[in-house]
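Please read the structure below before turning to the comments.
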Amino acid sequence: MVNQLAYSEHIVGGLISYECQGPGAIPNSNTYKLTIRLFYDCSNDNSYERNIEIGTFKGTGNTYAFHSKTTAAIDLNPALFEYTKSCADLIRDVCVNVVTYTAFVRDLPIISENYLISYERCCRNITISNITDPGRTGSTVALLLTPESQRPCNSSPQFENTLPIVACLDEELQLNLKGTDKEDDDITYELCTPFSGGGPRGLGGGAGNPKECGGISPDPALCVPLLKEVNWVGTNINALIPFPSSIPITLSGGLLKAKPNVAGQFILGVCIKEYRNGLLMTVQYRDLQFNFVPCNINLKAEVHYDQIEDGVPTIIRCEANSVVKIINTSQDSQYIKKVHWEFTGPQGIKISDSAFHFSKSFPLGGIYNGRMYINRGYNCSDSINLKLKINPQADVPAINLIYDSCSVGPVLPDIPIKDSTYVLDYGDGILDTFSNGSTLLPHQYKNAGTYTLKLNLLKGNESYCAQEITRTIRLYPPPALVSLSLNDSTICYPGTIQFSIKEIIDTTYRFIWRLSDGRSFAGFKVNAIFTSPEQLRLSLTLITPSGCVVDKTFDKILVPSEKPSADFEIENTDLTLKNPVLKLVNKSKKADTYRWDFGDNTSSIALAPTHPYNRTGIFTVTLYAMKDNGCVDSLSKNVILRANSDIYVPNIFTPNGDGQNDEFIPNILAAYTEYKLNVFNRWGGLVFSGTDPAYGWDGNNPTGQMAPPGVYIYEILISIADQSSKLIKGSITLIRN
């Protein structure tokens, strides 16, 4: 039984070689070790057969008969080979997996005929350009052992080099097809037409037996290789010109040269012949596939640098033993496969890195000359010379200041001056330059605030790194005047009053308010509740952001006045256009005057007025109860005036779960004997039906899902006592917030 993982498609090349192991166990025979190297396009399928069947056939010319078959086992795990010379490999993510199998053909008799050793497999990439029907055309990898090779126990040439499957258009292609021969025989190389092999039966689990002669992996015991050549496309493509090239395709001494000028996927065959003393020993049939693509890469090595010195980008860093980071800003970075950095500095120190962005520490200060390489070893590569200067930090003195943080008075710098020139930035847009011998003058800030002063070396030893020294000061004097601000000129009890300060709106100040009854409050604006006529004193502790403290007791004595209590009742709640007059009962206490607002742009100052409405709707009635001391209380109630009907139907509802207007419920104003409510959507679909006027529509569909907002149609069938039944129709608007 053949143990296999899967039938892997898209072989893009193959080669069989052999080594004679010596005489076989039977007279006049040899044992051979076979090495089969198959190349797969790994962008398609990553599963490979663990075992393949190799057939041995004997005969002459193109006529052969089955002799034996052997199973070749996978010898090495698939090795990923990426061609690292052509620009094409950067353009297209193409790679080759190399799968090696080994097998032994034991006790092969020495005969006067040829042996053909072969492996057949289908199918090729459907995208191949230079043969017909590639998706149904397989390949045969084979070698020929002549009688002259059998008698001396010869071994074939060996090939270790792995070839690319992708190359650039209009770029000279040079393929090294050379092999080595341990007997030092002569090797010739010829372009020839590849063989087809097998067929598509059983492909991808399709119809047919994959082991039959037309299957994807024919059984050698049943299928003698036909050695049928593939069919070239057109008349200009043949074995010697397998693809278009702007220079003649040559194969000399194992080196193939060409300059492809048409994009596509192409196959070619190479016949490798081994001769000894003019006699043909072995023929190896090698099958190859290539992809030719346009390559438009403009790689340019670049880095982020500080300045140019002598034409070289120069990076300046400070202090040894700190990590130096250099940003790689090269163009077309998506095509960069590898980066190499190298620097040489004092005492022959060498520092290198292979990261895209450089990040290394340097043990000594000084100058390091270096270079960054991108894609070193590729045809598409570039490099750039670099200079790295690691300088010591300049000795910038500390900033000492003499100032009063509780005023916006002058600030006097006290800075020890050395043999350099410095610039001091006061943080308010003013700069001061000074050097040895200079007199530092006081600096006057115009406004309170937080300021960050910065001291830098302006001139001095240029090999030093400038070092910035900073110092932050906070100048927040208390206000010269602290005035109390109340949100109401009258303090009423029971009631609330708000305290704040007129002069300060900066909330970085801290405020602690205290009343003489022992209560205290914190905050820029605070609310205090008054419940009695007790007269109180108010004091404030103000703390500035710089820690300055001011205590203030206000002259104003807080004298609370009694507040009235507004209250009223509506005598008649059943208002209609037939009975539109509102009657009110005033039940307020401790008020001196009143004002009524009826919600329809009319008002009254009567004690208990009546008021006629001239339209239907919901009206808010508000009573303002006022005392002569300025204290006011108010109370509002809603009244509804309906049309002349026995039923009131609202026109909107908002089922949002807030407990207000969450259901559509008609209000029946008279005794009834029959009631039914139906609600329909705009397509006429019934969304609600009910016969109990205490329960309305909650805005959900019959399935329990929320109905979308919009206009719905209702029908109300109602029978009022002593009246006939009537049908009321209208619309209701569902609103969702």
Please count how many residues of region 308-340 are within 26 Å of Ser381 (Cβ to Cβ) and touching a Leu at 6+ places or on another chain (Cβ under 8 Å).
12
Quick check: is even one residue across region 183-194 surrounded by 19 or more Cβ atoms within 10 Å (Cβ to Cβ), of a type in the set (Asp, Glu), in contact (Cβ under 8 Å) with a residue 12 or more places away in the chain and not in a strand (DSSP E or B)?
yes
If you check Gly429 against the conditions, is it at pLDDT 80 or above and more than 14 Å from Tyr403 (Cβ to Cβ)?
yes
I'd like the full set of residues that are surrounded by fewer than 17 Cβ atoms within 10 Å (Cβ to Cβ) and at pLDDT 80 or above, limited to region 439-468.
Leu441, Pro442, Gln444, Lys446, Asn447, Gly449, Thr450, Thr452, Lys454
So, in region 637-658, of the ones that are among the polar types (S, T, N, Q) and either exposed (fewer than 12 other Cβ atoms within 10 Å of the Cβ) or over 60 Å from the mean Cα position of the chain (by Cα) (or both), which residue ends up modelled with the lowest pLDDT?
Asn644
Taking interchain pairs and intrachain pairs at least six residues apart, which have beta carbon atoms under 6 angstrom, with the first residue in region 468-480 and among the β-branched types (Val, Ile, Thr) and the second surrounded by 15 or more Cβ atoms within 10 Å (Cβ to Cβ) and at pLDDT 80 or above?
Ile469/Leu455; Thr470/Lys454; Ile473/Tyr451
Flagged in region 358-374 as assigned to a loop (DSSP other than H, G, I, E, B) and within 15 Å of Glu342 (Cβ to Cβ), in numbering order, are Phe362
Checked region 236-280 for anything closer than 19 Å to Asn125 by Cα, of a type in the set (Gly, Ala, Ser), in a strand (DSSP E or B) and under 45 Å from the mean Cα position of the chain (by Cα); matches are Gly264
Restricting to region 116-171, give me the number of residues that are under 30 Å from Asn30 (Cα atoms) and among the polar types (S, T, N, Q).
12
Output the residues belonging to region 682-702 that are of a type outside the set (Val, Ile, Thr) and assigned to a strand (DSSP E or B).
Leu686, Phe688, Ser689, Gly690, Trp697, Asn700
Which of the numbered conditions does Thr620 fail, given that it passes all the others? Conditions: (1) surrounded by 16 or more Cβ atoms within 10 Å (Cβ to Cβ); (2) not in a loop (DSSP other than H, G, I, E, B).
(1)
Would you point out which residue out of Asn130, Asn154 is in contact (Cβ under 8 Å) with a residue 12 or more places away in the chain, of a type in the set (S, T, N, Q) and closer than 22 Å to Pro260 by Cα?
Asn130
Being outside any strand (DSSP E or B) and over 39 Å from the mean Cα position of the chain (by Cα) is the filter; apply it to region 115-130 and report the residue that is surrounded by the most Cβ atoms within 10 Å (Cβ to Cβ).
Cys122
Being out of contact with any strand residue (DSSP E or B) (no Cβ under 8 Å at 6 or more places or on another chain), among the hydroxyl-bearing types (Ser, Thr, Tyr) and under 30 Å from Glu171 (Cα atoms): is that true of Tyr373 here?
no
Check on Val166, under 26 Å from Tyr48 (Cα atoms), modelled with pLDDT under 90, buried (at least 21 other Cβ atoms within 10 Å of the Cβ) and among the aliphatic types (A, V, I, L, M):
yes
Does Leu280 meet the test of being at pLDDT 95 or above, of a type in the set (A, V, I, L, M) and surrounded by 14 or more Cβ atoms within 10 Å (Cβ to Cβ)?
yes
Checked Ser731, Ser689 against criteria (within 24 Å of Leu575 (Cα to Cα) and of a type in the set (S, T, N, Q)); the one match is Ser731
How many residues of region 254-277 are more than 29 Å from Asn375 (Cβ to Cβ) and surrounded by fewer than 22 Cβ atoms within 10 Å (Cβ to Cβ)? The answer is 6
Please determine whether any residue of region 397-408 is more than 30 Å from Pro478 (Cα to Cα) and assigned to a loop (DSSP other than H, G, I, E, B).
yes
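Per-residue answers, yes or no, for (1) within 31 Å of the chain's Cα centre (by Cα); (2) under 30 Å from Leu455 (Cα atoms); (3) touching a residue at least 24 places away in the same chain (Cβ under 8 Å):
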site	(1), (2), (3)
Pro313	no, yes, yes
Ile316	no, yes, yes
Ile336	yes, no, yes
Ser352	no, no, no
Tyr373	yes, no, yes
Asn379	no, no, yes
Ile384	no, no, yes
Ser405	no, yes, yes
For a quick check of your reading of the model, give me the residue pairs whose first member lies in region 586-613 and is in the same structural domain as Asp633 (by TED's automatic domain parsing), whose second is part of a loop (DSSP other than H, G, I, E, B) and aromatic (Phe, Trp, Tyr), with beta-carbon atoms closer than 7 Å and at least 6 apart or on different chains.
Asp600/Tyr613; His611/Phe598
Quick one: which of Pro410, Pro416 is surrounded by fewer than 17 Cβ atoms within 10 Å (Cβ to Cβ), in contact with a His (Cβ under 9 Å, 6 or more places away or on another chain) and under 30 Å from Arg471 (Cα atoms)?
Pro410
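Against the condition closer than 30 Å to Ile512 by Cβ, under 60 Å from the mean Cα position of the chain (by Cα) and in a loop (DSSP other than H, G, I, E, B), how does Gly630 come out, does it pass? Let's see the steps before the verdict.
Details: closer than 30 Å to Ile512 by Cβ: yes; under 60 Å from the mean Cα position of the chain (by Cα): no; in a loop (DSSP other than H, G, I, E, B): yes.
In short, no.
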Here are Ile543, Ile557, Ile570: which of them is within 30 Å of Pro477 (Cβ to Cβ), surrounded by 14 or more Cβ atoms within 10 Å (Cβ to Cβ) and either in contact (Cβ under 8 Å) with a residue 40 or more places away in the chain or of a type in the set (A, V, I, L, M, F, W, C) (or both)?
Ile543
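The values are calculated or read from the model by the stated rules, or taken from the named source; none is laboratory data. The shown structure was predicted, so the numbers you read here are calculated from the model rather than taken from an experiment. No Cβ is skipped: glycine too gets one built from the backbone with ideal geometry, and neighbour counts run over all protein chains shown.
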